[in-house]
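Below: the structure, in structure tokens.
The values are calculated or read from the model by the stated rules, or taken from the named source; none is laboratory data. Since this is a predicted model, take the numbers as computed values, not measurements. So basically every Cβ, Gly included, is an ideal-geometry build from the backbone, and we count neighbours across all protein chains shown.
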Amino acid sequence: MGVPDAPARLDHHTLERYETAWLGIAVVMTALLFVGVLASLISGTYPALKTDAGHAHTGGIVRGRVDPKNLAATPFAKPGLVVDDRGQPALNEQGTLDAYLVAGNFTFQPAVLRVPAGVPVTLHVTATDVAHGFQVTGTNINAEILPGHVASLTVTFRHPGEQHAICNEYCGVGHHNMITRFVVDPPATGAKETQ
Ligand code: CUA
């Protein structure tokens, strides 16, 4: 007879200390999660307010239509910045530059787009095959690119340097290679002729 040897039990006070410690850890983790979600929400909603390379703003998005099988009959036949007879960037009636970009076959055309800083550029983007994404990294400039549709986004690149646009919608095996580069020239380059 007699009570069998029970495993060593922690006394009342030790248990309370453990509980308090774990409660504290849970509270800290909850607080970190809350701050993290809040931070990502704020940075995800207003990334254009950043003062570094991501300094650009969007104008309205105007949606047009285009025949994806007959891009040759549209300005998309010559992807890139629209220039005048002298090869200088040409302003449209809205006072912005126009650039045409084509997404398809896991590439963007052109692969490199030279734009002057400080001048609004309206990017017209369409797709030839499937749905793609178009996001200018570090900003909230982001559009879904569908065959037959034209997404037009007005962007001002404020700082000379380089910036990228990526495809952020899974479109197939080459999705991760879809990237285009913006080379932003100092403002003087574009304004030289009008000086
Ligand atoms: Cu194109 Cu992902």
Is there a residue in the range 70-81 that is part of a strand (DSSP E or B), in the same structural domain as His132 (by TED's automatic domain parsing) and modelled with pLDDT of 85 or more?
yes
Just checking, how many residues over the range 142-168 are within 23 Å of Gly95 (Cβ to Cβ), within 16 Å of the ligand (Cβ to nearest atom) and touching a Ser or Thr at 6+ places or on another chain (Cβ under 7 Å)?
1
Just one of (1) outside any strand (DSSP E or B); (2) within 16 Å of the ligand (Cβ to nearest atom); (3) β-branched (Val, Ile, Thr) trips up Val102, so point out which.
(1)
Checking the structure you have, find out if any residue of the range 124-136 is away from the ligand (no atom under 14 Å from the Cβ) and among the polar types (S, T, N, Q).
no
